[in-house]
Amino acid sequence: MHIEKNVCESIYHTLLDMKDKSKDNIKARLDLVEMNIRPSLHPQRIEGSNKIILPPASHTMSKKEKELFCKALEGLKFPESYAGNISRCVNVNKRNISGLKSHDCHVLMQQLLPLALRVHPTKNVQLVLLSLSSFFRGLCSKVGTSEDFNKLEERIAETLCHLERIFPPAFFDIMVHLLIHLPREAVLGGPVQYRWMYPFERFNKTLKDYKRNQSKIEGSISEGYLDDECLTFCSSHFEGIETRWTRPIRNIGSGEHQMDKHWIFSCIGRPLGRPKMIRLEPKEISQAHRYVLLHYDAIDTYRERHKEELMRSLGNRSSPYRDKVHAEKFPEWFRCQVDMQRQSGEVVPDIIKWLANGPFSDAKKYTGYIYNGIRYHVKDRETKRRTQNSGVLVTAEIELYYGVLKEVVELEYCGDLRTILFRVDWANTQNGVLKEDIGFRRVNFSHLMHSGENMLDDPFVFPRQTEQVFYVSDPLNEGWCLVVKADLRDTFDINGDLTEEHHQPIQMGERDDDDADLNMTRTDLDGIVVDTPI
């Protein structure tokens, strides 16, 4: 973690050319003169003056680009417990970043640096730093085999070779060199999460809180630690009161709603906030009820029978058209079928009868919901908060749907049959979602898939069908946001592929003495004028 922090700081210090912290300074340029390499970056003396000009390097950014780089990080909002408030460490006017902690650099290096680097005009610089970010993301992944880490070891060597063509030799201190050894260490020592320093540093903070006597610091910490151990041991024998051992996890989804035998779809979650009673409009009732019927597994036989009837009646009409008619006609057809079965004396389960009758128009609305350890908030709740928990992703067979949570609705049927639905504003997949060449996805919520006013609109989704994402404002394109997947610390993707997902090889030009042919120099910027060192 300290290696990642030092490398991250070296990168943004150098990119932003921060005073006394950048690795590209007059001393670094004089090193190039002494080593007789990269003559295009050698300092140039101004005749009749004691000043010299430092020619711009490939990584050099203009004032406007630095402002955009900082602006991409200024308004960040993360999901709860995902990261600290990094935006308070960014100053757009002064074009610098300061005060980042180790975990802030961890998030910045792996998730945010690739997004901010989009403002850099030199593509090769983007690719190399994206590869470095991908290396750390793969190294810290929760899933990985020895073969995966061996491939990371091979590719980090290539990445460092490309870095040498971008940054001056002063950039490559011992911390950068240690990147070569980290994949091998992961093979020998196991996953990084069990060996890094975050738990120990947090525990050091706990020990410091035990300090009461400034003149006897060690003894004060020892007494506080002993008292805490004694209380923890005794608390394990208490019954009927909440202790450290019995305190529930903050984002746990258990509760009365989970244990209710009529809670359909086995939804493991609990709503947040005080419920507010609302009356649904007829079209909203129709939309919600249709979504429930089309996704409830217990009535699969009814859905298949209706599709067979449509096949016979519509003949050779296209499959999308039949699906549209099926979604439109199935609720009424399902109600008629259940009524016919009941009139004929056939035994129909109570749940089927309750579903056929449709939901009540009165429903409960919540401001948030916890499902499977994920905390969701509606968009309106985030206005005055520094967190963002409203981003929703639904993965279909051939498409990804990105949305913003607007309402959490509890729909009720007869027999105390209830279910939770998310009402979401979905970005239009045609003109509201774009995939960039380097893999990022941009979303524009001014282009929605539908307004929800049409009877056949589909604004609802079940919590179990969603994943959480968060959106970062795109400084290059006003009105657009970049999508970042929120990986929770307590979840594991046992089917993940480390090599394909986290570390793609970079494609750059072949080695050449003239870096200008490979877009490795900047001719659109003026050099920096500095005083001649003594």
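Quick note: the coordinates plus some simple rules give every number you see, no bench work behind them. Because the structure is a prediction, the values reported are computed rather than measured. Heads up, the Cβs are rebuilt from the backbone with ideal geometry, glycines too, and the neighbour counts pull from every protein chain shown.
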Could you work out how far the C-alpha centroid of the range 73-88 sits from that of the range 335-382, in angstrom?
36 Å
Angle between the chain longest axis and helix 123-139 axis [Cα atoms, degrees, rounded to 10]:
60 degrees
Given 4 °C and 1.567 mPa s, compute D for the range 2-196 with the Stokes-Einstein relation, Rh being the Kirkwood radius over Cα pairs; round to the nearest whole µm²/s.
72 µm²/s
Largest-first principal axis extents, alpha carbons of the range 316-442, Å
61, 43, 23
Label points 7 Å out from Cα along the Cβ direction at ILE174 and GLU223: separation in nm?
4.0 nm
Rounded to the nearest 500 deg cm²/dmol, what is the calculated helix-only ellipticity per residue at 222 nm for the chain, with -39500 (n - 2.57) per DSSP H run of length n ≥ 4?
-11500 deg cm²/dmol
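Here are some pairs, LYS21/LYS142; LYS365/LYS435; LYS406/LYS485; LYS5/LYS208; LYS379/LYS435; which of them have Cα atoms lying more than 29 Å apart in this structure?
LYS21/LYS142; LYS365/LYS435
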For the range 22-123, please report how many Lys pairs fall under 22 Å Cα to Cα, leaving out neighbours fewer than 8 apart on the same chain.
23
So, counting K/R as plus one and D/E as minus one, what does the shell of residues with Cβ under 13 Å around ARG88 add up to?
+1
Across the range 53-62, in residue order, what do the Karplus-derived ³J(HN,Hα) couplings come to in whole Hz, using 6.51 cos²θ - 1.76 cosθ + 1.60 with θ = phi - 60° and x for Gly and Pro?
10, 9, x, x, 9, 5, 8, 5, 10, 6
J(HN,Hα) series, the range 365-371, from Karplus relation 6.51 cos²θ - 1.76 cosθ + 1.60, nearest Hz, glycine and proline x:
10, 10, 9, x, 7, 10, 9
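Given charges of +1 on the Cβ of Lys and Arg and -1 on the Cβ of Asp and Glu, with all other atoms neutral, how large is the dipole of the range 2-196 about its Cα centre, in debye to the nearest 20?
In debye, rounded to 20, the range 2-196 gives about 660.
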Cα extents of the chain along the three principal axes, largest first (Å):
104, 71, 45
For PHE136, PHE200, PHE360, ascending order of other Cβ atoms within 10 Å (fewest first) is PHE200, PHE360, PHE136
Could you please rank LYS353, LYS51, placing first whichever residue has the fewest other Cβ atoms within 10 Å of its Cβ?
LYS51, LYS353
Whole-Å distance, taken between Cα centres, linking the range 387-462 and the range 204-234:
50 Å
Can you run phi through the Karplus equation (6.51, -1.76, 1.60; θ = phi - 60°) for the range 209-225 and list ³J(HN,Hα) in whole Hz, with x for Gly and Pro?
5, 6, 5, 10, 10, 5, 7, 10, 5, 4, x, 5, 5, 4, 5, x, 5
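What full-extension length gain, to one decimal in nm, is calculated for ARG244 and LYS208 as 0.36 nm per residue of separation minus the Cα-Cα distance?
10.9 nm
Among CYS105, CYS89, which comes first, second and so on when ranked by fewest other beta-carbon atoms within 10 Å?
On the way: CYS105 23, CYS89 17.
Starting with the residue having the fewest Cβ neighbours, the order is CYS89, CYS105.
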